[in-house]
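Input: a single structure, listed below in structure tokens.
The values are calculated or read from the model by the stated rules, or taken from the named source; none is laboratory data. Because the structure is predicted, anything quoted here is derived from the model rather than measured. Virtual Cβ from ideal backbone geometry, glycine too; neighbours counted across all protein chains shown. Just the protein is used for accessible areas: all its heavy atoms, side chains included, with ligands, DNA and RNA removed. Shrake-Rupley method; radii C 1.70, N 1.55, O 1.52, S 1.80 Å.
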Amino acid sequence: SEQYVVPIMGSLSEVCSKLWELDENRLKRGEDYRINLKGDKLFAFVNRKKLAEIPTFSAFMDLLDNYNAETSEPEEVTERDINKSRAFLNRCLETKVMEAAYTFLLSKRLVPVGYKKAFKEKLYNLWFQLHPRPNGDGTKRSAFEHTFVGETRKGAVLGLHNWVRFFGEECQGNVIYKSCRPQVCDDHIVTVGFMWNGNTKTFGSLFLGTSPEFELAIYTVCFLAGQEEEATVKLGNKSVTIVTYRKNGQIGACYPKLQGQLQHVLIQVEPEENSSAEEEHDFLSQSYTGRGTSTGQNGSPYLQVSSNPSRNRDVRLPIDLDDGWAYSKPDRSCCNCTIL
């Protein structure tokens, strides 16, 4: 088939806007899916037949049983797993979204020449290749598993920022929707709290309706071309921040968040022994509870979350101050989608 040609775009924001426009497989809210932020389940309806008929969605869903969620248990990658991962990338490479991402990245000399071979290998290494965890415990993980599938550690949910995965697990009764933050929700991004197989995600954000090729493309572009871990881009008529955490040159985590909603508070934490920065954030965001609020030297509020002064250190964590819970509900754990 004739390859789609995209004009070279100069800025990261421009290419992200173009990826949004080119996402032809994006499902339509109200027609292909419905959500209920006040209900017992987040998804009131999803057109499963349509998901199964779209090649990228179908190949994506076929990947989701490849992984063991618990981080303490080593991953075993079989030849069948590798073939399914590469089959998914093949379907993504057939879309205009991924072609646009490649054209932009090639123009910036961030990927090698060769769309179907070299670029696919680059995508595989970025997303599916296993890399050692930063804490040096001997286990490995992939960026795809963390971002799209989700992991669990000591009662906390790590990652799981994909709506199709969330919906599938909710249908099976594995995900229990708990709450949302309406200040950071719109037609295409939600920030929700949930339980997954008994593990807690206090708040996490995800796109709604977007195709897997769009999410893979925009996260790849922002990771390779972005100068910072947060890139502000325009998707439709909304300003959105795309977060791509970097760990030892690899993708740590990726997710979207709405602009202009979150501020930071100063929080005093007690890190675990030999834990990486990423794991400290994962752990404290899910496990530490407030002991009361106070005011830092710069006048900003902070939440006391540790009782061991010998190992305390100050960490800035984002929190939605409009919520007010840091003041009225000091026993609630401190987290939202901006922490893995």
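Okay, here's what the table says:
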| item | result |
| --- | --- |
| Which numbered condition S85 fails, given (1) open to solvent by 10 Å² or more (accessible area, probe 1.4 Å); (2) within 21 Å of the chain's Cα centre (by Cα) | (1) |
| Any hit, the range 179-202, residues being open to solvent by 40 Å² or more (accessible area, probe 1.4 Å), farther than 22 Å from V46 by Cβ and touching a Gly at 6+ places or on another chain (Cβ under 9 Å) | yes |
| Criterion (farther than 19 Å from G209 by Cβ and among the aliphatic types (A, V, I, L, M)) met by exactly one of V15, V46 | V15 |
| Breaking point among (1) closer than 30 Å to S17 by Cα; (2) among the aromatic types (F, W, Y); (3) at pLDDT 95 or above, for F203 | (3) |
| K50 vs. criteria outside any strand (DSSP E or B), open to solvent by 30 Å² or more (accessible area, probe 1.4 Å) and in contact (Cβ under 8 Å) with a residue 60 or more places away in the chain | no |
| Residue ranges of helices (runs of 4 or more DSSP H) in the range 78-147 with at least 1 members of a type in the set (V, I, T), under 22 Å from D23 (Cα atoms) and out of contact with any Lys or Arg (no Cβ under 7 Å at 6 or more places or on another chain) | 96-107 |
| First in the range 246-262 and in a loop (DSSP other than H, G, I, E, B) and open to solvent by 20 Å² or more (accessible area, probe 1.4 Å), second anywhere and charged (D, E, K, R) and at pLDDT below 85, Cβ under 7 Å, 6 or more apart | Q261/D320; L262/D320 |
| Strands (runs of 3 or more DSSP E) (entirely within the range 155-205) containing at least 2 residues that are touching a residue at least 12 places away in the same chain (Cβ under 8 Å), over 15 Å from the mean Cα position of the chain (by Cα) and farther than 17 Å from R29 by Cβ | 175-180, 189-196 |
| Failed criterion for T152 (all others in (1) among the polar types (S, T, N, Q); (2) farther than 24 Å from K247 by Cβ; (3) modelled with pLDDT under 95 hold) | (2) |
| Enumeration of residues in the range 54-77 that are part of a loop (DSSP other than H, G, I, E, B), polar (S, T, N, Q) and open to solvent by less than 60 Å² (accessible area, probe 1.4 Å) | N66, N68, T71 |
| Condition broken by F45, with the remaining ones in (1) of a type outside the set (D, E, K, R); (2) in contact (Cβ under 8 Å) with a residue 40 or more places away in the chain; (3) not in a helix (DSSP H, G or I) satisfied | (2) |
| Contacts under 9 angstrom Cβ, first residue in the range 116-127 being free of Cβ contacts under 8 Å to residues at least 40 places away in the same chain, partner open to solvent by 70 Å² or more (accessible area, probe 1.4 Å), 6 or more apart | F119/V113 |
| Any chance K96 is basic (K, R) and open to solvent by 70 Å² or more (accessible area, probe 1.4 Å) | yes |
